[in-house]
Amino acid sequence: MSITLKGLNGGSVTIATETIDALAAKLRGALLRPGEPGYDTARTLWNGMIDRRPALVIRALGTGDIQAAVNFARDNDALMAVRGGGHQIAGLAVAEGALLLDLSQMRSVHVDAAQRRVQADPGALLGDLDRETQLYGLAVPVGVNSTTGIAGLTLGGGFGWITRKFGMTIDNLLAAEVVTADGRILHASAKENADLFWAIRGGGGNFGVVASFTFQAHPVGPEVMSGLIIHPIADAPGLLRDFRRICAEAEDELTVWTVMRKAPPLPFLPAEWHGREVLIFAACYAGDMEAGAAAMKGLRALGKPIVDVIGPHPYTGWQAAFDPLLTPGARNYWKSHDFTGLSDAAIEVVLKAIDTLPDPACEVFIAHVGGAMARVPGSATAFPQRSAHFVMNVHTRWDDKAGDDRCIAWARDLFERTAPHSAGSVYVNFIPGDEPGRLAEAYGANMERLVSVKGRYDPQNLFRVNHNIVPARQAVAAK
């Protein structure tokens, strides 16, 4: 029986049964149609707002399956989406009526402890990477939610608790195996296909499907000085001014972020504070325990906290500490700004918004990044925002579809009110699906080079179900 897929350039394409059977025969993994076992698992993403039904799914088990999917999509002018961990806020891992290349079953991680190198498959999650590297007392700088996919995180940039000490995820990417639009399998590194290697370090999935990542790892753990300090929101104005000072003075090993929200029912938090607005400091020290305790004295001396649970914690545990607040299936919508500094005016706007949180699970998260990542030139990788700065993510999260309008409107309003205080840049992994026009803010001066590299490796824009960089040839034609 033939199957109809959404076409690459609009319309639809009908694929004969013989062609589908020939594709299936090439795969080690599964070829699935709607309703078959595994289909719904493959198409289900972290963000519960996304409910799209691809016409055909390839659940890849290796590079050969990836190459077969790419060749099939190209040769049949079919639209293709690529799913790694499925955690991206915009939900661009799945497209309605298209071909879905699902990499989520490719989760192997191999550690070369002697060389401190790590090879990870594209479906691996951050928790997979952390567990394997910590067996050897090593870690790769990644994000802060263990269920995030390593592929999407890396291709967008990647920052987390040890970024200030060891750089971004992309700064620790040594090489990648990439299947390009013409079906070639290329090795990308500083010495081979260097332009492709430059582009995939922040440019997203625009240039091919990465079949394997090789990272540099660093000595970390097995425990880190880390934890939370929770304060009443009434004390937030002064605390946030102290926060920006501490961030400016912090040594590279120390990372301090803040979250403002209604307090979740944490077991160490007095019950009378559950559901009330609080300011949370989250801190981690990537180094010696005694040095970490000393580095956090200033932070721990601020105000009169409700609770302080800073102490030694297993690195893998700290990396998964926020997982209970980020479980899959809820409805999520984000808006984000970068700030060169956290001004008093910006603080005032944010705190006014906290007074009107639209759902108990909604929050405003502000991360400070800098240190090692800020010593990399902005032109060295596709990711350009290298100066020390604050990243604000307005994270709305709720369960009932009836809350969509309320929560999204609140996030958009705060985004607009903080815009005059922002740097005019944004982290591409935080861009929601309704902001396609922000790529110039994400890539700045690197945008022109990205367009050129896209034109070289994907001139027909086969890889377009993403935060899309239009290739040079198409960009000229569109003018």
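FYI, it's all coordinate maths here, none of it is from the lab. Fair warning: this is a prediction, and the values are worked out from it, not measured in the lab. Note: ideal-geometry Cβ built from the backbone for every residue, glycine included; neighbour counts use all protein chains shown.
Values of log10 I(q)/I(0) for region 192-306 across q = 0.11, 0.12, 0.13, 0.17 Å⁻¹ run -0.56, -0.63, -0.70, -0.88, by the Debye formula with one identical scatterer at each alpha carbon and no solvent.
As an exercise, identify the trypsin sites (Lys or Arg not before Pro) in region 1-86 lying in DSSP coil whose Cβ has no more than 14 other Cβ atoms within 10 Å. Loop-located and lightly packed - R28.
Relative to the longest principal axis of the Cα atoms of the chain, helix 404-418 runs at roughly 70 degrees. Packing, as the average of other Cβ atoms within 10 Å across residues, places the peptides 290-301, 451-462, 339-350, 129-140 in the order 129-140, 451-462, 339-350, 290-301, highest first.
Could you calculate the contour length gain from E416 to A113, that is, 0.36 nm times the residue separation minus the distance between their Cα atoms, to one decimal place in nm?
Using 0.36 nm per residue and subtracting the Cα-Cα distance, I get 104.3 nm.
Here the Karplus curve 6.51 cos²θ - 1.76 cosθ + 1.60, taken at θ = phi - 60°, turns the phi angles of region 432-438 into couplings of x, x, 9, 10, x, x, 9 Hz, with x standing for Gly and Pro.
How much length is gained if the chain between A25 and V309 is pulled fully straight, taking 0.36 nm per residue apart and subtracting their Cα-Cα distance, in nm to one decimal?
Once the chain is fully extended between A25 and V309, it gains 96.7 nm.
Close Lys pairs in the chain (alpha-carbon distance under 21 Å; sequence gap of 8 or more, or different chains): 9. Distance between the 7 Å Cα→Cβ label points at D323 and M289: 2.3 nm. Counted over region 3-102, the DSSP beta bridges are approximately 50% antiparallel. The modelled label-to-label distance between T4 and T17, using points 7 Å beyond Cα along the C-beta direction, is 1.8 nm. Let me know the shape class of region 396-470, please: from the alpha-carbon gyration tensor, a ≥ b ≥ c as square roots of the eigenvalues, rounded when a/c is under 1.5, otherwise prolate if a/b is greater than b/c, or oblate. Because a/c hits 1.5 or more and a/b fails to exceed b/c, region 396-470 counts as oblate. Length gained on full extension, E192 to D405: 71.9 nm, using 0.36 nm per residue less the C-alpha separation.
Reported to the nearest whole Å, the Cα centre-to-centre distance from region 275-300 to region 73-96 is 39.
Whole-Hz Karplus values for region 108-118 come out as 5, 9, 10, 10, 9, 5, 5, 8, 6, 10, 10 Hz, taken residue by residue from phi with 6.51 cos²θ - 1.76 cosθ + 1.60 and θ = phi - 60°; glycine and proline positions read x. Dividing the C-alpha radius of gyration of region 3-102 by 2.2 N^0.38 Å, with N its residue count, gives 0.99. Electrostatic bookkeeping for A24 treats Lys and Arg as +1 and Asp and Glu as -1; over the other residues with beta carbon under 13 Å from its beta carbon, the sum is 0. How would you classify the chain from its alpha-carbon gyration tensor, with a ≥ b ≥ c the square roots of the eigenvalues: rounded for a/c under 1.5, else prolate if a/b is greater than b/c, otherwise oblate? Judged from the Cα gyration tensor, the chain comes out prolate (a/c at least 1.5, a/b above b/c).
Mind sorting T41, T17 by how few other Cβ atoms lie within 10 Å of their own Cβ, fewest first?
Numbers: T41 13, T17 10.
Starting with the residue having the fewest Cβ neighbours, the order is T17, T41.
For the peptides 213-220, 7-14, the ranking by packing is 213-220, 7-14, with the highest mean count of neighbouring Cβ atoms within 10 Å listed first. Cβ-to-Cβ counts within 10 Å put F322, F430 in ascending order as F322, F430, the fewest first.
Given region 57-215, what percent of its DSSP beta bridges are antiparallel, to the nearest 5? Spell out each step's value before the answer.
Numbers: 19 of 26 bridges.
About 75 percent, rounded to the nearest 5.
What FRET efficiency would be calculated for the residue pair F268, A380, taking the C-beta separation as r and a Förster radius of 41 Å, to the nearest 0.05?
E(calc), rounded to 0.05, equals 0.45.
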